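Here is the structure we will look at.
The values are calculated or read from the model by the stated rules, or taken from the named source; none is laboratory data. These figures come from a predicted structure and were not determined experimentally. For neighbour counting, all protein chains shown are included, and Cβ atoms are generated from backbone atoms with ideal geometry for every residue, glycine included. Each accessible area value is taken on the protein alone, full model and side chains, heavy atoms only, with ligands, DNA and RNA left out. Shrake-Rupley method; radii C 1.70, N 1.55, O 1.52, S 1.80 Å.
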Amino acid sequence: MKTSQSKCLIDWGSSNFRAWIVNSDGRLIEEYQYPVGILDPAVENKTTWFESLIEELSFDYPNLDFLAVGMIGSATGIKNTKYLSSPCNLENWATNSESYLTSTGKSIEIFPGLIANSANPQLVDVIRGEEFQIFTSNHADSKNLFVCPGTHSKWISTSSFEILNIQTFTTGELFESLVTKSSISQLMSSEVTENGFLHGLTIATTSKALTNSIFKLRAQFLSGYLSVEDLKGAASGLLIGTEFVHAIEEYGKQKSVVLVGSKANCETYQRACDFFGITAIIDETTIEQRVARLVEIRSRLTERVNS
């Protein structure tokens, strides 16, 4: 049994449950991942499922301090925690966690999400989980535009440990629907080709309406202008390209953006950055660095309050 004081960071999102255990020296000693999203219908009782995992994680590490980010603190999560309004700085976010107590007395500190333009229903937007990635990034100390590709892609403008604005695009969710449930899903090959991807990006730059452009992929295939090998790539390029077009309208043409996410997603968005003439900086901040920074800032702020 391991008795040293360690931290466990939990991120339960739409696709996976992930947990990382970092020891008192800031070294990653265990990593867990379960392909179970927080809305997975296979989880009949998410509270019971979650608390059983907490017990499992605690078995070898009885002194764990639990920290949690992401959808675990949403209305569909374990505890519906508040949103903080952006602009929001690191100190405000790090000191506004809410405690959740399991049935066996384990305490989990859940960090809040952020809401942008809360007074304007036409512009309101939210994030949960990405704010942790931004605030603890190696690039958080300067003015940047972060892009977090995924099921719900986020474009987040920042300035020196402060999140200013948020834009969300349901790009990954729409792509999943297109390749599994749409009228062209049966026609697609399994690969995303470079030619197809570039074709889709090009369509996005001239598209007047996304729904019309999606149907045009089918028409282009049926009329012989788009091969079956390139159809899936074209769908990916069209959706990601449309995201870029609208984000550029919102934030202006940037010289560079910081990509935060999985290697595969970042590489795909890097190709889109190349197409649009934007330098892509892939954030290589490690989970050990992220947890250490979060623990350090909370400790420093607590000492300030108590002094």
query = Is at least one residue of segment 6-24 open to solvent by 60 Å² or more (accessible area, probe 1.4 Å), assigned to a strand (DSSP E or B) and either in contact (Cβ under 8 Å) with a residue 12 or more places away in the chain or within 30 Å of E173 (Cα to Cα) (or both)?
reply = yes
ask   = Would you pick out the residues in segment 166-201 that are closer than 28 Å to Y83 by Cα, open to solvent by 30 Å² or more (accessible area, probe 1.4 Å) and polar (S, T, N, Q)?
value = Q167, T168, T170
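Run down I156, I108, I134 and say which single residue is surrounded by 23 or more Cβ atoms within 10 Å (Cβ to Cβ), under 24 Å from T47 (Cα atoms) and aliphatic (A, V, I, L, M).
Working: I156 fails: under 24 Å from T47 (Cα atoms); I134 fails: under 24 Å from T47 (Cα atoms).
Answer to the selection: I108.
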query = Take the residues of segment 31-48 that are open to solvent by 60 Å² or more (accessible area, probe 1.4 Å) and not in a loop (DSSP other than H, G, I, E, B): which is nearest to S262 (Cα to Cα)?
reply = Q33
task = Could you check A219 against (1) open to solvent by 50 Å² or more (accessible area, probe 1.4 Å); (2) free of Cβ contacts under 8 Å to residues at least 12 places away in the same chain; (3) hydrophobic (A, V, I, L, M, F, W, C) and say which number it fails?
result = (1)
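Kindly indicate whether C266 is open to solvent by less than 40 Å² (accessible area, probe 1.4 Å), of a type outside the set (S, T, N, Q), assigned to a helix (DSSP H, G or I) and under 13 Å from L198 (Cα atoms). Write out each step before concluding.
Working: open to solvent by less than 40 Å² (accessible area, probe 1.4 Å): yes; of a type outside the set (S, T, N, Q): yes; assigned to a helix (DSSP H, G or I): yes; under 13 Å from L198 (Cα atoms): no.
No.
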task = Filter segment 202-214 down to the residues that are more than 17 Å from A272 (Cα to Cα) and either in contact with a strand residue (DSSP E or B) (Cβ under 6 Å, 6 or more places away or on another chain) or in contact (Cβ under 8 Å) with a residue 24 or more places away in the chain (or both), then identify the one that is surrounded by the fewest Cβ atoms within 10 Å (Cβ to Cβ).
result = L210
ask   = Of all residues in segment 78-101, how many are more than 21 Å from the chain's Cα centre (by Cα) and either of a type in the set (G, A, S) or open to solvent by less than 10 Å² (accessible area, probe 1.4 Å) (or both)?
value = 1
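Answer with yes or no whether A75 is under 18 Å from the mean Cα position of the chain (by Cα), closer than 25 Å to H152 by Cα and open to solvent by 70 Å² or more (accessible area, probe 1.4 Å).
Details: under 18 Å from the mean Cα position of the chain (by Cα): yes; closer than 25 Å to H152 by Cα: yes; open to solvent by 70 Å² or more (accessible area, probe 1.4 Å): yes.
Answer is yes for this residue.
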ask   = Out of curiosity, is E194 within 30 Å of E91 (Cα to Cα), in contact with a helix residue (DSSP H, G or I) (Cβ under 8 Å, 6 or more places away or on another chain) and not aliphatic (A, V, I, L, M)?
value = no
ask   = Which members of segment 275-292 meet the condition of being touching a residue at least 60 places away in the same chain (Cβ under 8 Å), touching a helix residue (DSSP H, G or I) at 6+ places or on another chain (Cβ under 9 Å) and open to solvent by 60 Å² or more (accessible area, probe 1.4 Å)?
value = F275
